[in-house]
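Heads up, the thing below is written out as structure tokens.
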Amino acid sequence: MTKGTAMNRGTTVIYSYTESPLGRILVTSEGGSLTGLYLEGEKYEPRPGGDWIRDDSLPLFLAVASQLAEYFDGSRTCFELPSAPVGTPFQQEVWQCLQRIPYGARISYGDIARDLGRPQAARAVGAAVGRNPVSIIIPCHRVVGSNGALTGFAGGLERKEALLRLEARDI
């Protein structure tokens with residue numbers, strides 16, 4: 001994905017912004033599915049370009065804002081949104097694993113590598129987790145180092161800690 005261009009095979013990117021306790025969030029969609037949820041200032045946050053269209057009234061974006069508000073107030077533990085993140089086949093595998101991590105749980109990069117049948121691929125898993133374009137919805141914040149340490153999060157470790165604290169209420 002390059003900044004200011006469509007993220008998926010030349011289709012038009014529709015976008016909006018929503019507010020959260022962690023700051024402003026850029027939300028993107030292509031073809032009716034959620035393709036991006038980026039915390040402001042995060043490492044891979046794209047910038048809307050001339051070929052992007054802003055639509056703050058798109059029903060999908062209203063649902064995203066509503067479900068995020070419920071998540072942050074503690075009344076939602078899973079999301080029910082159509083998502084279609086764009087990535088390599090390996091990234092897609094990793095992101096599928098992330099979606100199976102229960103609310104409030106934590107798992108290591110090595111655990112995911114083993115679950116994928118690639119026990120030596122923890123670093124590759126880390127890279128794929130870091131490129132998750134639909135953070136929070138696909139819960140990459142629940143992945144920690146093998147010793148339980150908070151490592152890596154494109155949105156910043158303080159935001160990762162805040163998300164884990166929200167879910168566990170005990171960090």
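The values are calculated or read from the model by the stated rules, or taken from the named source; none is laboratory data. All values derive from a computational prediction rather than experimental measurement. Reconstructed Cβ throughout: ideal geometry from the backbone, glycine too, with neighbour counts over all protein chains shown.
Points worth noting:
- Of the criteria (1) exposed (fewer than 13 other Cβ atoms within 10 Å of the Cβ); (2) out of contact with any strand residue (DSSP E or B) (no Cβ under 6 Å at 6 or more places or on another chain), which one residue 95 fails: (1)
- Looking across 43, 3, one residue alone is in a loop (DSSP other than H, G, I, E, B), modelled with pLDDT under 95 and either surrounded by 13 or more Cβ atoms within 10 Å (Cβ to Cβ) or in contact with a helix residue (DSSP H, G or I) (Cβ under 8 Å, 6 or more places away or on another chain) (or both). It is 43.
Yes/no matrix, rows are residues, columns are (1) part of a loop (DSSP other than H, G, I, E, B); (2) at pLDDT 95 or above; (3) acidic (Asp, Glu); (4) at positive phi:
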position	(1), (2), (3), (4)
60	no, yes, no, no
65	no, yes, no, no
76	yes, no, no, no
91	no, yes, no, no
117	yes, no, no, yes
123	no, no, no, no
129	no, no, no, no
147	yes, no, no, no
151	yes, no, no, no
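- Single residue of the range 29-45 satisfying the filter (under 21 Å from residue 163 (Cα atoms) and of a type in the set (Ser, Thr, Tyr)) that is farthest from the chain's Cα centre (by Cα): 44
One line per residue, one yes/no per condition, for (1) of a type in the set (Val, Ile, Thr); (2) within 20 Å of residue 40 (Cα to Cα):
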position: 125; (1), (2): yes, no
position: 132; (1), (2): no, yes
position: 140; (1), (2): no, yes
position: 145; (1), (2): no, no
position: 156; (1), (2): no, yes
position: 168; (1), (2): no, no
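- Of residues in the range 69-85 being over 12 Å from the mean Cα position of the chain (by Cα) and surrounded by 14 or more Cβ atoms within 10 Å (Cβ to Cβ), the one farthest from residue 116 (Cα to Cα): 69
- Among the residues making up the range 93-115, those that are assigned to a helix (DSSP H, G or I) and over 14 Å from residue 132 (Cβ atoms) are 110, 111, 113, 114, 115.
- The one condition from (1) on the phi > 0 side of the Ramachandran plot; (2) in contact with a helix residue (DSSP H, G or I) (Cβ under 6 Å, 6 or more places away or on another chain) that residue 156 does not meet is (2).
- The range 103-115, residues that are of a type in the set (S, T, N, Q) and at positive phi: none
- Criterion: part of a strand (DSSP E or B) and either surrounded by 13 or more Cβ atoms within 10 Å (Cβ to Cβ) or of a type in the set (Gly, Ala, Ser) (or both) - qualifying residue of 22, 37: 37
- Inclusion of residue 63 among residues that are without any contact (Cβ under 8 Å) to a residue 24 or more places away in the chain, of a type outside the set (D, E, K, R) and in contact with a Pro (Cβ under 7 Å, 6 or more places away or on another chain) is not warranted.
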